[in-house]
Structures are given as C-alpha cells and as structure tokens.
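The values are calculated or read from the model by the stated rules, or taken from the named source; none is laboratory data. The structure presented is a predicted model; accordingly, all values stated were derived computationally and were not measured. Virtual Cβ from ideal backbone geometry, glycine too; neighbours counted across all protein chains shown.
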Amino acid sequence: MKEACGVFGIYNFSQDSPAKSVYYGLFALQHRGQESAGIAASNGSDIKCHKGMGLVNQVFNEVSLRALAGNLALGHVRYSTTGMSILENAQPIVIDTRYGTIALAHNGNLINSVALRNDLKDKGISFVGTSDSEVIAAMIATSKKENFEDAIVDTLAHCRGAFSIIILTKDKLIAVRDPSGIRPLCIGKLDNALVISSETCALDIVGAQFVRDVSNGEIVVIDKDGLRSKTWERAEREAFCVFEFIYFARPDSVISGRNVYEARFHMGKYLAKEHPVEADMVMAVPESGVPAAMGYAAESKIPYEEGLIKNRYIGRTFIQPSQEIRDLGVRLKLNPIRDAVRGKKVIIIDDSIIRGTTSRQIVRLIREAGAREVHMRISSPPNLNPCFYGIDTATKAELIAANLSVSGIRKYLEADSLGYLSLKNLIKSISWPGKNLCLACLNGQYPVKIPERLQSLKLFFK
Ligand code: AMP
Ligand code: SF4
C-alpha cells in the first residue's frame, strides 16, 4: 500500500470536545487524501472512533461528531493508489494493547513493511487490512518495553521509510517524525489547546497559531502537563520531500518558514528565465500549476489568463486507481475557455508530468479550442524515478520521463515546445539546502535505502 495522507490532532486542556475542530482540520487537509476519513477521540477513559470511505463531509455529520466526546481527538484522511481502497485500511487504527487502547494515524510509507508484517504473522498476529499503519500499531502492541513511549521508540527503530504519525492514548497525544523528516508535521496553539497537523493550512482553519514544525526524528508528547519532546533518532541528513513543495502541499501552507505559494511562484519565474518563448498568454493547469504560471507571467511579462476551468466538485483525477477513470477524468475535470485561447500562442504551465496522460489531453483540448501554438512548461525537473515514501506517482515503466527524452515527451504530448525547470533552480526557489531535501524521484538518490525486492517491483522497465 502506498499512502499519502493527512493527519490532524488536538489536545484540549479544558474539557471541551475538539472533534468538530478536527473535522475542520481534516477538511483543510482533504487535498492529501480523498478515499477515507476518520476521527478518534478520548474522554479520559474510553476511545471512540468513527471512520468511513469518502470525503470528510460524506463521512461525518452532526450526530457522528457529537458521539466523539472527549478532550483529545485525532483525525486522518487517506488515499491509496494501488486499488486497496477498503474500509479496513481507513484510519485512525484503534487497537487494544497492554498499555491501554490506542488510536494511530500515519502519513507516509514504510519500505520494509512486508518484512515487518511477516515477522508479526510468524508470531501469530493477524491483520484486518493491508496498511503499514496497522503494522506499526501491532508492533507497538507487541513491544516488550515497560513504558509506552519506549514501546513507540522501540517500534519506530525497526521502521524504514517515511512516517509522520500521531498516536492518541486515553490521556496523551503523541507526534513523531521519521529520522529523515520526509513528510511534514507541525505544531500549533489554540487558546487552550495544542494542535498537531500535516500542514499549516489546517491550523489556519481552526484559528490556531503556528508554533513550529516537528523536527526530523523528534517525538513530541502532549498530556495534562503540557508538551515535552526529545530526539529519538536522527538520520545523517534531513530529507524533506521536495514534491510537497512542487505539488502535494496546499499553496497557503508554510513549511519550515517557506510559503509553498511563494516557492511555486519562484519556480515559475526561474522557468521563464530558463525556457522563454514568444507567446500571447500564459495559462495554468488548475490548480496545481497556478502559482508557477503567475511567476512565469511576472518574469516574462506575458499576460496571465485563465484558459481552463476546473470543475470544483471533482477530486484529483490522478488519485483514481484505474487508467480508464483517469482518461475520462480530464474531460470531467477541465474545460477550455475557447474565446480566451482561440488564435493565440499559448504557454501552459503545470507542476509536473508523471505518466503524461493528462498533459497530452490538455494540450489537445487547448489546440482543439483554437490555440495557434501550444508550449508546455513544467515547474519541476523530469520525474525519472518512482517514489517509495508515500507519494505514489508510478512505476518506472509508467513514468514517461524515465522512458522518453524531453524531445520524445514533447512529441508524445503533441506540444510545439516543452521545457522543464532545472534541479538547481528548483532548489533555489525553495531556498532550502538541497542536501536536506529528498530529490529521489528527480535524481535517483534515495535518502533511505530501498530493499531490492521493492526496487524490482517498481523499477522495472517495459
Ligand atoms: P500526467 O500528465 O498524466 O502525468 O499528469 C500530470 C498531472 O498530475 C499534473 O497536473 C500534476 O499536477 C499531477 N500530479 C503529479 N503528481 C501527482 C500525484 N502524486 N498525485 C496526483 N496527481 C499528481
Ligand atoms: Fe518526495 Fe520524490 Fe522523495 Fe517521494 S521520491 S519523498 S515524491 S521527493
């Protein structure tokens, strides 16, 4: 299972129930996963959980939220891309352990989960779903450590890959990030409560102030005495996922002091410097390409115009598991403004090309709408390698840039020209030291070594 999810938790120091705020938080993190949503809450003695398939507002209503009483609550939104879209994999995972009942929500992907799962099965543990998160929960439950926090650290020491996790016990909220800090996680403060969230956009929605990011390899424990933290393990280098900046995070989020919108705007500016072309208008593939298109227009002095309208009520087409739905998805999702593009030389900006399916259809749509020339510009370098850390792009065989040269991709897209942002300027746009970013899907340098079995699954060529 590959999961790229959103997590959100609140510890309220008064007795007020934060379940509704967690609901709003998940609502703001909906872009991180649309397949299932869930909230677990503790009232000090019992943990209750409600989860279901679908969008946050489809899973919850007033009645189900009211039932989640208690001053601690934890929520999760999930997407999987390999077809195992089943309720058993919805989170939070709630299990009884000798440390008491716990609820666990995980964003990221373990690269050694099959081995860990098999070890547990050998010990007689059975599983209801197929997610990594259930493996982590079962490992905690079977730890030999006396103390619960030691059991968490002991478990995580065996986990390889990306994990930003929030765990809820009957009286504690615990947040951890993997030693490389691949997925985001931050801390916020609300009147009488502390908040943990995948992204700051979800702090904003509940009116919480950003306090700081959880550091790589840090474990944060919030209980009635407040917040305490320690480093449980730190990798040689931090390796924050650059794709969060390119595509995944919401543009209104701030990660480690960098506004995602601004980083994307700069990517667009550098893209215009690197790949200028004479044209009448700059347009974006909505919504992921918008900030970079604004930057491209600002730098090139070519007017930014809307050329495609997105149906707001559709999720990200990429997230749908089958190719058939993906193909149909583009027309379901996007429609050109014919009068805006007719007779013009058009520059289309998008953040990335993965399989090329969507991009090819977009070029066609714009041409059919009457554009004279269609120039495609991408605000990140070619996506050459699969991700094993929770953003499931594709296998190497499916990645168009791993199989075709830039000119081959241009031909496939039927674009008049194609230009990608360089890695150097991508890093400059984020103003984050390159050595502290995961760039593996762009340069093949995986910060956490990938087991051979997994490599052979995803790295094969057609
Ligand atoms: P395609 O042309 O089929 O490769 O699709 C490219 C589109 O997919 C771009 O608009 C990207 O914004 C989007 N995209 C990139 N990575 C992902 C991802 N992990 N999940 C969903 N969509 C993505
Ligand atoms: Fe992010 Fe790419 Fe690294 Fe995956 S491989 S964590 S998408 S930078």
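Some notes on this structure:
- Whichever residue in segment 287-327 is at pLDDT 95 or above and part of a loop (DSSP other than H, G, I, E, B) and, among such residues, is farthest from R355 (Cα to Cα): K301
- Of all residues making up segment 220-275, the number that are in a helix (DSSP H, G or I) and surrounded by 16 or more Cβ atoms within 10 Å (Cβ to Cβ): 20
- Qualifying residue in segment 423-431 (condition: crowded, with 21+ Cβ neighbours inside 10 Å, among the hydrophobic types (A, V, I, L, M, F, W, C) and within 15 Å of ligand 1 (Cβ to nearest atom)): yes
- Residue list for segment 89-128, filter: assigned to a loop (DSSP other than H, G, I, E, B), surrounded by fewer than 21 Cβ atoms within 10 Å (Cβ to Cβ) and polar (S, T, N, Q): N112, S126
- Note on segment 131-214: enclosed helices (runs of 4 or more DSSP H) holding 3 or more residues that are within 18 Å of N109 (Cβ to Cβ) are 132-141.
- Number of residues in segment 72-88 that are buried (at least 23 other Cβ atoms within 10 Å of the Cβ) and modelled with pLDDT of 85 or more: the value is 7.
- Matching option when the condition is charged (D, E, K, R) and crowded, with 20+ Cβ neighbours inside 10 Å, among D171, D132: D132
- Some residue of segment 169-177 being farther than 26 Å from S85 by Cα, β-branched (V, I, T) and away from ligand 2 (no atom under 16 Å from the Cβ): yes
- Screening I166 on (1) closer than 12 Å to V7 by Cα; (2) within 16 Å of ligand 1 (Cβ to nearest atom) shows it passes everything except condition (2).
- The residue list D392, D416 contains one member that is within 16 Å of ligand 2 (Cβ to nearest atom) and either touching a residue at least 12 places away in the same chain (Cβ under 8 Å) or not assigned by TED's automatic domain parsing to the domain that holds S113 (or both), which is D392.
- R228 being assigned by TED's automatic domain parsing to the domain that holds N147, closer than 20 Å to N109 by Cβ and of a type in the set (K, R): no
- S256 being under 23 Å from L439 (Cβ atoms) and within 16 Å of ligand 2 (Cβ to nearest atom): yes
- Of the residues making up segment 428-442, those that are in contact (Cβ under 8 Å) with a residue 40 or more places away in the chain and on the phi < 0 side of the Ramachandran plot are K428, S429, I430, W432, K435, N436, L437, C438, L439, A440, C441, L442.
- Residues considered: I187, I182, I196, I205. Of these, the only one that is within 16 Å of ligand 2 (Cβ to nearest atom), within 19 Å of the chain's Cα centre (by Cα) and hydrophobic (A, V, I, L, M, F, W, C) is I182.
- Test: residue in segment 409-420 that is closer than 26 Å to I366 by Cβ, within 16 Å of ligand 1 (Cβ to nearest atom) and part of a loop (DSSP other than H, G, I, E, B): yes
- Matching residues in segment 381-403 - criterion: being outside any helix (DSSP H, G or I), away from ligand 1 (no atom under 12 Å from the Cβ) and of a type outside the set (S, T, Y): P381, L384, N385, F388, K396, A397
- Residue list for segment 345-374, restricted to those being in a strand (DSSP E or B) and either farther than 26 Å from R250 by Cα or β-branched (V, I, T) (or both): K345, V346, I347, I348, I349, E373, V374
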